[in-house]
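A.B. asks: My questions all concern the structure below.
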């Protein structure tokens, strides 16, 4: 009973504090097949190499960052081999794997003037068919972006990447601040 009361109090305090401090508290992650040009769909030929970039951008006040956590899914059957995922952050530190959850950490602070910033490259040989590259939640650090002062921000997905079809839409519009705050609190009790 005491634990439930504590959780309810923390949700109320953190949710209220987050809503007051930054009502649009989102970083945004998306797939871009031509970084900086916002290309969300490609139509490659079979046996062609596909190169997709996971990008980080801001949807509000610009802050620096050092760490991002996510996972990647690729539609089965469209790849001839496992994708190669490469960190594009300075220092290139990666923990985990693309399918179950990956955390990328930079050895230096990334300045907000660099946005949109390519954080990872996903490469594979295309087998044919229609599919998508989708960005999902890391199981331990869902949607986390850590700034240079160890502050944690929550990102949304602007869009995923479409291969031979339009890109699946993201979830940035209409996301309540409370859902992001609740995910952070849940991690405290794992």
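The values are calculated or read from the model by the stated rules, or taken from the named source; none is laboratory data. Please read all numbers here as calculations on a predicted model, not as lab measurements. Cβ placement follows ideal geometry from the backbone for every residue including glycine, while neighbour counts extend to all protein chains displayed.
A.B. asks: Could you please tell me which pairs satisfy a Cβ distance under 6 Å, a separation of 6+ or placement on different chains, a first residue in the stretch 149-169 that is in a loop (DSSP other than H, G, I, E, B), and a second residue that is exposed (fewer than 15 other Cβ atoms within 10 Å of the Cβ)?
C.D. replies: What qualifies is 164/43; 164/130; 165/130.
A.B. asks: Here is a list of conditions, (1) within 18 Å of the chain's Cα centre (by Cα); (2) modelled with pLDDT under 95; (3) more than 18 Å from residue 104 (Cβ to Cβ), and residue 189 meets all of them except one; can you say which number that is?
C.D. replies: Every condition holds for residue 189 apart from (1).
A.B. asks: May I pose another question? Could you check the stretch 142-159 and list, in sequence order, the residues that are buried (at least 22 other Cβ atoms within 10 Å of the Cβ) and over 9 Å from the mean Cα position of the chain (by Cα)?
C.D. replies: Of everything in the stretch 142-159, those that are buried (at least 22 other Cβ atoms within 10 Å of the Cβ) and over 9 Å from the mean Cα position of the chain (by Cα) turn out to be 158, 159.
A.B. asks: Right, here's the next one. Select, from 57, 27, the only residue that is at pLDDT below 90, surrounded by 14 or more Cβ atoms within 10 Å (Cβ to Cβ) and not in a loop (DSSP other than H, G, I, E, B).
C.D. replies: Unique residue meeting the criteria: 27.
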